[in-house]
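Asks: Here it is, the structure in full.
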Amino acid sequence: MRQAGRYLPEYREIRTQAKDFLDLCYTPDRAARVTLQPIERFRPDAAILFSDILVIPDALGQQVRFVEGRGPVLEPISGPDDVTTLSTGRVLEHLAPVFETVRLTRAELPADVALIGFAGAPWTVATYMFEGGSTRDFNTVKARAIGDPETFDRLLDLLVDSTSQYLKAQVDAGAQALQLFDTWASAVPASLFGGWVTEPTRRIVEIVKAHAPDVPVIGFARGIGPRIPDYVTQTGIDAVGLDSAVTEKEALAIQAHVPVQGNLDPAFVLAGGRPMEDEARRIISELSHGPFVFNLAHGINKDTPHENVEQLAEIIRSGGKPT
Ligand code: 1CP
């Protein structure tokens, strides 16, 4: 999940030097420094590339901005013509600074710290492209996708193509594992889940695996609960990220098939203290008998005291045992 960000004073410092958020993503020396900041402070076992899932719409030619205090703002797709103007032809050229960030970061990281590359899964990226930004109800994207499935399928095809190119190039630049974020998967009706979530993800996994068979792909489809086992088998992902609604029983059943990653709710890290300690220890004792990567269940909250993250890192390093 997000390791970098506004909860770190050194991130806020570098952020003020950049013109805007996308400028930070596209300035390799700064983006590499931001990627390394949490590694230097907390010494986790892996770093996640600093970029964003919305660089793909930007690379396809849609207008994307990040507005202070408001989040992402895109020129929304309003019909078939808007999809026609998008092009996958210059994706790699446009995203070259991200690949340079991967190279710089890999060169700086200690050999035993893995570098995770990532992208948004097609459905989640499409929500921003149709809604023009964040949404609570997903009504616009869902109604348009249902009303004009040909156009929506064309967009999903563009996203599968561009995202696969993007991930393969991250591997070529030095990423050692990849994560696909389907943050808004829970908004998809069950009858459309295969077409909007599983199948586009499966195609990306297939293309990336043909290029880099040994690079593990982690899937994270947030909020899908009982559909996780099908999501795992039907997409071909190697490991799965769990959100904090997943129970111990569900997690253990999934872990019998693939490694799991998760699932401390970021609110425990925001609160800190004994409740955070107890919850982290509970998760470790329940899940560390099988293949397991301790992680947060979602991105870290910007008001989180970094002292809490430091304390959490200590608990994990000590194997979750009481000190
Ligand atoms: O300046 C800032 O601090 C802006 C906050 C921020 C950050 C730190 C945004 C804006 N993006 C990022 C980086 C980011 N985003 C990373 C890099 C790793 C790291 O920071 O350590 C990653 C993996 C993401 C992924 C991402 N971006 C997701 C999927 C994961 C998740 O959190 O669910 C999503 C949905 C986004 C979109 C996005 N980026 C930023 C905002 C405000 C949003 C919108 C979120 C929403 O709609 O609720």
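The values are calculated or read from the model by the stated rules, or taken from the named source; none is laboratory data. Treat the numbers as computed from the prediction; the structure is a model and nothing was measured. All Cβ positions, even for glycine, are placed from backbone atoms using ideal geometry, and neighbour counts span all protein chains on display.
Asks: Can you tell me which residue in the stretch 281-296 is farthest from the ligand (Cβ to nearest atom), limited to those that are touching a helix residue (DSSP H, G or I) at 6+ places or on another chain (Cβ under 7 Å) and under 24 Å from Gly120 (Cβ atoms)?
Replies: Checking each candidate, the answer is Phe294.
Asks: Give Thr151, Thr201, Thr135, Thr140 a once-over and let me know the one that is in contact with a helix residue (DSSP H, G or I) (Cβ under 9 Å, 6 or more places away or on another chain) and within 13 Å of the ligand (Cβ to nearest atom).
Replies: Thr135
Asks: Please specify each residue of the stretch 297-323 satisfying the condition of being loosely packed, with under 15 Cβ neighbours inside 10 Å, more than 12 Å from Gly272 (Cα to Cα) and not charged (D, E, K, R).
Replies: Answer for the stretch 297-323, where residues must be loosely packed, with under 15 Cβ neighbours inside 10 Å, more than 12 Å from Gly272 (Cα to Cα) and not charged (D, E, K, R): Gly299, Ser318, Gly319, Pro322, Thr323.
Asks: Is it the case that the stretch 230-237 has a residue that's aliphatic (A, V, I, L, M) and either farther than 24 Å from Val73 by Cα or out of contact with any Phe, Trp or Tyr (no Cβ under 7 Å at 6 or more places or on another chain) (or both)?
Replies: For the stretch 230-237, residues aliphatic (A, V, I, L, M) and either farther than 24 Å from Val73 by Cα or out of contact with any Phe, Trp or Tyr (no Cβ under 7 Å at 6 or more places or on another chain) (or both): present.
Asks: Is at least one residue of the stretch 272-293 assigned to a loop (DSSP other than H, G, I, E, B) and under 24 Å from Ala4 (Cβ atoms)?
Replies: Taking every residue of the stretch 272-293 in turn, at least one turns out to be assigned to a loop (DSSP other than H, G, I, E, B) and under 24 Å from Ala4 (Cβ atoms).
Asks: Which residues, taken from the stretch 81-97, are under 23 Å from the mean Cα position of the chain (by Cα) and free of Cβ contacts under 8 Å to residues at least 24 places away in the same chain?
Replies: Glu93, Ala96
Asks: Okay, next question. Hey, can you tell me all the residues within the stretch 18-57 that are acidic (Asp, Glu) and away from the ligand (no atom under 12 Å from the Cβ)?
Replies: Across the stretch 18-57, the qualifying residues are Asp29, Glu40, Asp45.
Asks: Here is a follow-up. Looking only at the stretch 68-84, decide whether some residue is closer than 26 Å to Gly219 by Cα and either more than 12 Å from the ligand (Cβ to nearest atom) or aliphatic (A, V, I, L, M) (or both).
Replies: Yes, the stretch 68-84 contains a residue that is closer than 26 Å to Gly219 by Cα and either more than 12 Å from the ligand (Cβ to nearest atom) or aliphatic (A, V, I, L, M) (or both).
Asks: Let me ask something else about it. Could you give every pair whose Cβ atoms fall below 9 Å, whose first residue belongs to the stretch 22-48 and is free of Cβ contacts under 8 Å to residues at least 40 places away in the same chain, and whose second residue is aromatic (Phe, Trp, Tyr) and buried (at least 23 other Cβ atoms within 10 Å of the Cβ), counting only separations of at least 6 or pairs across chains?
Replies: Leu24/Phe50; Arg30/Phe50; Arg33/Phe50; Val34/Phe50; Gln37/Phe50
Asks: Filter the stretch 90-127 down to the residues that are of a type in the set (S, T, N, Q) and under 30 Å from Val141 (Cα atoms), then identify the one that is farthest from the ligand (Cβ to nearest atom).
Replies: Thr127
Asks: Could you check how many residues of the stretch 1-17 are at pLDDT 95 or above and either more than 9 Å from the ligand (Cβ to nearest atom) or polar (S, T, N, Q) (or both)?
Replies: The number of residues fulfilling the criteria is 5.
Asks: Tell me which residues, restricted to the stretch 247-277, are charged (D, E, K, R) and either modelled with pLDDT under 95 or more than 21 Å from the chain's Cα centre (by Cα) (or both).
Replies: Glu248, Lys249, Glu250, Arg274, Glu277
Asks: How about the stretch 294-323: which of its residues are in a strand (DSSP E or B) and in contact (Cβ under 8 Å) with a residue 60 or more places away in the chain?
Replies: Asn295, Leu296
Asks: If Gly69 passes every condition in (1) surrounded by fewer than 16 Cβ atoms within 10 Å (Cβ to Cβ); (2) at positive phi; (3) in contact with a helix residue (DSSP H, G or I) (Cβ under 9 Å, 6 or more places away or on another chain) but one, which one does it miss?
Replies: (3)
Asks: If you take the residues of the stretch 111-154 that are farther than 20 Å from Arg65 by Cα and either in contact with a His (Cβ under 9 Å, 6 or more places away or on another chain) or among the aliphatic types (A, V, I, L, M) (or both), which of them is surrounded by the fewest Cβ atoms within 10 Å (Cβ to Cβ)?
Replies: The selected residue is Ala111.
Asks: Take the residues in the stretch 197-250 that are in contact (Cβ under 8 Å) with a residue 12 or more places away in the chain and among the hydroxyl-bearing types (Ser, Thr, Tyr); name whichever of them is surrounded by the fewest Cβ atoms within 10 Å (Cβ to Cβ).
Replies: Thr233
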